Amino acid sequence: MKNKSISFKRIAKSIRRLAKHLFYFTSFVVLSATNSIAFAQSRFEGFYGQVGAGYESTGFSILNVVDTLPASSYPPNGVSIPRPNPVINKSAGFAGTMTLGYTYALTNQFLLGVGAEYSPLSQSTQNITDAGVMGTIAMTKSWNLFLSPGYAIDDDKAIYAKVGYSRAKITNSDSASGNQTSNLLSGYSLGLGYKQFFASNWYGFIEANYTAYSNYQISAPEPFSYDHVAYTTGTNNKSLGAYSSSALLGIGYKF
């Protein structure tokens with residue numbers, strides 16, 4: 001009888017231990033399923049596409065302008081002549097963007113998105129006055145790859161930030177030489193936005209963005225004269241930078 005009592009105690013202890021582990025496992029499965037269901041209910045999670053339109057202000061900086069005379073039979077040879085930085089008029093106008101991206105729901109409130117946007121519209125041409133010579137400059141295209149952390153206010157509304165890597169095509173022309181050059185500048189972008197669903201998978205959004213492009217070193221042939229001697233194969237060196245700020249209003253669809 002004593003051995004049977006000990007056996008029953010061992011069996012009861014094993015059953016209690018198994019029940020305890022089974023309870024922990026069941027709780028883990030239930031919590032995991034609950035979290036998955038909760039995350040799946042986020043209206044913001046998934047692929048999306050959107051278009052926006054609004055106002056954009058663009059500015060440029062051309063610094064460290066230096067003309068270098070070529071080696072020739074005329075003295076001096078190979079002289080570098082610093083010039084005043086050109087005067088550039090700012091411009092503002094219509095802006096448009098197209099964006100594709102994906103938003104992942106980290107929790108019920110916290111979101112993380114990734115996207116790519118393209119601005120196909122050329123900004124209005126700006127005039128340049130460089131040592132009395134007129135020219136033009138314009139931003140003709142831009143691209144942006146970004147991360148977008150966000151916060152869901154409720155099931156329909158969310159606020160978000162943007163940080164990204166941008167590239168833009170800058171076209172510069174000189175009325176004196178007739179030369180036209182295009183350069184790709186790289187930089188960073190920052191933004192803030194708000195979006196709200198208004199029907200099924202459709203939502204509206206509003207954004208404010210700022211982009212700064214790092215200085216790009218340009219060296220191009222340019223005709224000029226020095227001490228009443230005309231040099232037709234001189235070199236113009238300068239550092240080109242750009243920046244833009246925009247306010248956009250648009251509509252999007254979450255797939």
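The values are calculated or read from the model by the stated rules, or taken from the named source; none is laboratory data. This one's a predicted model, so the numbers in the text were calculated from it and none came from an experiment. Heads up, the Cβs are rebuilt from the backbone with ideal geometry, glycines too, and the neighbour counts pull from every protein chain shown.
Overview of values
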{"read-out": "Count of residues meeting criterion [under 21 Å from Ser42 (Cα atoms), in contact with a strand residue (DSSP E or B) (Cβ under 6 Å, 6 or more places away or on another chain) and polar (S, T, N, Q)] in segment 179-204", "value": "2"}
{"read-out": "Index of the failed condition, Tyr188 passing every other in (1) surrounded by fewer than 14 Cβ atoms within 10 Å (Cβ to Cβ); (2) within 29 Å of Tyr253 (Cα to Cα); (3) within 18 Å of the chain's Cα centre (by Cα)", "value": "(1)"}
{"read-out": "Condition check for Ser173: without any contact (Cβ under 8 Å) to a residue 60 or more places away in the chain, assigned by TED's automatic domain parsing to the domain that holds Ile62 and not acidic (Asp, Glu)", "value": "yes"}
{"read-out": "Near pairs, Cβ below 7 angstrom, 6+ apart or cross-chain, from segment 137-154 (assigned by TED's automatic domain parsing to the domain that holds Phe197 and closer than 16 Å to Leu112 by Cα) to any residue that is aromatic (Phe, Trp, Tyr) and not in a strand (DSSP E or B)", "value": "Ala152/Phe44"}
{"read-out": "Subset of segment 84-100 [surrounded by fewer than 19 Cβ atoms within 10 Å (Cβ to Cβ) and either basic (Lys, Arg) or under 12 Å from Gly49 (Cβ atoms) (or both)]", "value": "Lys90, Met98, Leu100"}
{"read-out": "Selected residue (criterion: modelled with the lowest pLDDT) from residues of segment 28-78 that are loosely packed, with under 13 Cβ neighbours inside 10 Å and β-branched (Val, Ile, Thr)", "value": "Val29"}
{"read-out": "Scope segment 167-195; condition polar (S, T, N, Q) and either assigned to a loop (DSSP other than H, G, I, E, B) or at pLDDT 95 or above (or both); matching residues", "value": "Ser175, Ser177, Asn179, Ser189"}
